[in-house]
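Working notes, structure below.
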Amino acid sequence: MLVATIFAAAMSSGVVAGGASPAAFNGMAPEQARLQVEGPSFQGTVAPTGTKRAESVVWWNDGSWWADMWDAHSQDFHIFRFSASAHRWMDTKTAVDRRDNTGADALWDGAHLYIATHKRVRDMERAVGGSASYLFRFSYSHSKHRYTLDDGFPTAINHYRTETLVIDEDTTGRLWATWQQDSAIYVASMPANSRTWRPPFRLPFPQAAVTVDDVSSVVAFSGRIGLLWSNQAAGEDGFWFSIHRVGASEKTWEPPEAALAGGREADDHINLKADSRGVVYAAVKTSNIHSNPLLLLLSRDLAGRWSSAIYGTAPFCHNRPTLVIDERRRLVHMFATGPAPPKYTCTTRGGAIYEKSTPADGSSFRPGRGGMVLDDANDPLLHNASTSKRNVPTRAGLLLLAINDQTQHYWTLH
């Protein structure tokens, strides 16, 4: 196991906005450090943390970080706990999905752990029927520090292989799921205290007729459910956002808002979060080239107005963005894969993980590549960093779980 230390005060000058020190904007004192840890092998499966960053495989509960991770020995997915003192992931032996090559999205709501799993299709391939997507629900024992699968689970969400599958829960306890199939955005829901999903339906808007390369995500905020999706089709190019009011019919959604629209303004990279006030944030990737904005942080304020901040332009070759909201300090941390030293080769296979941070109100990033926070110097192909779906207490610190496809090992930033 390789453990390396990255000091906050050593972050590059391109990390932060507004002229503050990197340490301040990372929510850390200068003497504090982040650790990067090479983790267990995931040999036997592919892309276990997901690909286009709509999904999350890590969560915080009972003073620890947890993750849905592949166990190379038993060849299935288990719940792991990160030991901050030992700097390693510990296998709890609690099984989740026993199938290889599946994606997952995890949600801890304070009472139950929900993990949605699905067999994946490759990028640019159509969703195909024949393989179920499942929802697992676990109860947690504080005294035993263990999760137990609840009776009646898993339950089937759909019967498709999809590129992504994302879930969230509204204030009534109803679960929502979204994915792309048949070049359209689909939604399904399961009422509270139920074990049966309602029949999936296609989102009823012209903007929801998308390409085979598009994805969607869902977020709960201010008594509402928000759905954000990419659309790379001519005439509808952009990111679109529709709202469902809790208590309304499950098929009643408001006309889509253009979170970002225009030629080449969409790609299938979305990471969607919301803060406790009801402000929505989305880390997205466009299809722009040359010196145009490539990665953006989109935000929707309490009045429903969308704005954007440029994380990086095309020459920096960022992709697979994800974000974390620090509500106490009113900061947004945004992470992305970028070219790794020493050659800084632009590739879609991976590289190093970079960070920039910005005040949550009036988002703005400094130009540049950002601060490198996770790197495998021997095999510089880290990729697909995953962060928690829900915002976590400041005391939890920050945890990213990434992978190296070359070595087939997990990597953790903590």
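The values are calculated or read from the model by the stated rules, or taken from the named source; none is laboratory data. Just so you know, these numbers come straight off a predicted model, no measurement behind them. Glycine also receives a Cβ, built like all others from the backbone with ideal geometry; neighbour counts cover every protein chain displayed.
Points to keep in mind about this one:
- Some residue of the stretch 266-281 being modelled with pLDDT under 95 and surrounded by fewer than 21 Cβ atoms within 10 Å (Cβ to Cβ): no
- Taken over the stretch 41-88, the criterion of being crowded, with 23+ Cβ neighbours inside 10 Å, free of Cβ contacts under 8 Å to residues at least 60 places away in the same chain and among the acidic types (D, E) is satisfied by D68 alone.
- Meets criteria (in contact with a Ser or Thr (Cβ under 9 Å, 6 or more places away or on another chain) and either surrounded by 14 or more Cβ atoms within 10 Å (Cβ to Cβ) or touching a residue at least 24 places away in the same chain (Cβ under 8 Å) (or both)) for G304: no
- Index of the failed condition, D361 passing every other in (1) acidic (D, E); (2) surrounded by 19 or more Cβ atoms within 10 Å (Cβ to Cβ); (3) closer than 18 Å to D275 by Cβ: (2)
- The set of residues in the stretch 30-70 being at pLDDT 95 or above, farther than 24 Å from R122 by Cβ and among the charged types (D, E, K, R) consists of E38, D62.
- Count of the stretch 278-301 residues, restricted to those that are part of a loop (DSSP other than H, G, I, E, B) and either closer than 28 Å to T347 by Cα or in contact (Cβ under 8 Å) with a residue 40 or more places away in the chain (or both), is 9.
- Tally of residues being among the polar types (S, T, N, Q) and either in contact with a Cys (Cβ under 9 Å, 6 or more places away or on another chain) or part of a strand (DSSP E or B) (or both) across the stretch 46-70: 2
Residue-wise test of (1) assigned to a strand (DSSP E or B); (2) on the phi < 0 side of the Ramachandran plot; (3) within 16 Å of the chain's Cα centre (by Cα).
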| site | (1), (2), (3) |
| --- | --- |
| T337 | yes, yes, yes |
| P341 | no, yes, no |
| Y344 | no, no, no |
| S357 | yes, yes, no |
| V373 | yes, yes, no |
| R395 | no, yes, no |
| A402 | yes, yes, yes |
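- Residue ID - farthest from T49 (Cα to Cα), chosen from residues in the stretch 132-146 that are of a type in the set (S, T, Y) and surrounded by 17 or more Cβ atoms within 10 Å (Cβ to Cβ): Y140
- Filtering the stretch 90-128 to residues that are under 23 Å from V215 (Cα atoms), charged (D, E, K, R), touching a strand residue (DSSP E or B) at 6+ places or on another chain (Cβ under 7 Å) and in a loop (DSSP other than H, G, I, E, B) leaves D97, R99.
- Yes/no for G368 being modelled with pLDDT of 95 or more and part of a loop (DSSP other than H, G, I, E, B): yes
- Applying the condition of being closer than 19 Å to A209 by Cβ and charged (D, E, K, R) to the stretch 151-194 and asking which residue is surrounded by the fewest Cβ atoms within 10 Å (Cβ to Cβ) yields D182.
- Pick from the stretch 202-217, criterion among the charged types (D, E, K, R) and either more than 14 Å from A177 (Cα to Cα) or buried (at least 21 other Cβ atoms within 10 Å of the Cβ) (or both), ranking: farthest from the chain's Cα centre (by Cα): D213
- None of A234, A220, A258 is of a type outside the set (K, R), surrounded by fewer than 18 Cβ atoms within 10 Å (Cβ to Cβ), outside any loop (DSSP other than H, G, I, E, B) and on the phi < 0 side of the Ramachandran plot except A258.
- Here I79 meets the list (1) aliphatic (A, V, I, L, M); (2) in contact with a His (Cβ under 9 Å, 6 or more places away or on another chain); (3) part of a strand (DSSP E or B) almost entirely, failing just condition (2).
- When the strands (runs of 3 or more DSSP E) confined to the stretch 145-193 are screened for residues that are closer than 12 Å to Y134 by Cα and among the basic types (K, R), those reaching at least 1 such residues are found at 155-161.
- Any hit, the stretch 124-147, residues being in contact with a Phe, Trp or Tyr (Cβ under 7 Å, 6 or more places away or on another chain), under 20 Å from L272 (Cβ atoms) and not hydrophobic (A, V, I, L, M, F, W, C): yes
- Flag for D100 being within 28 Å of I325 (Cβ to Cβ) and at pLDDT 95 or above: no
- Members of the stretch 228-268 found to be in contact (Cβ under 8 Å) with a residue 60 or more places away in the chain and either among the hydroxyl-bearing types (S, T, Y) or farther than 23 Å from E55 by Cα (or both), listed by number: G247
- Residues of the stretch 375-393 satisfying the condition of being at negative phi, buried (at least 22 other Cβ atoms within 10 Å of the Cβ) and out of contact with any helix residue (DSSP H, G or I) (no Cβ under 9 Å at 6 or more places or on another chain): D376, L382, H383, A385, S386, T387, K389, V392
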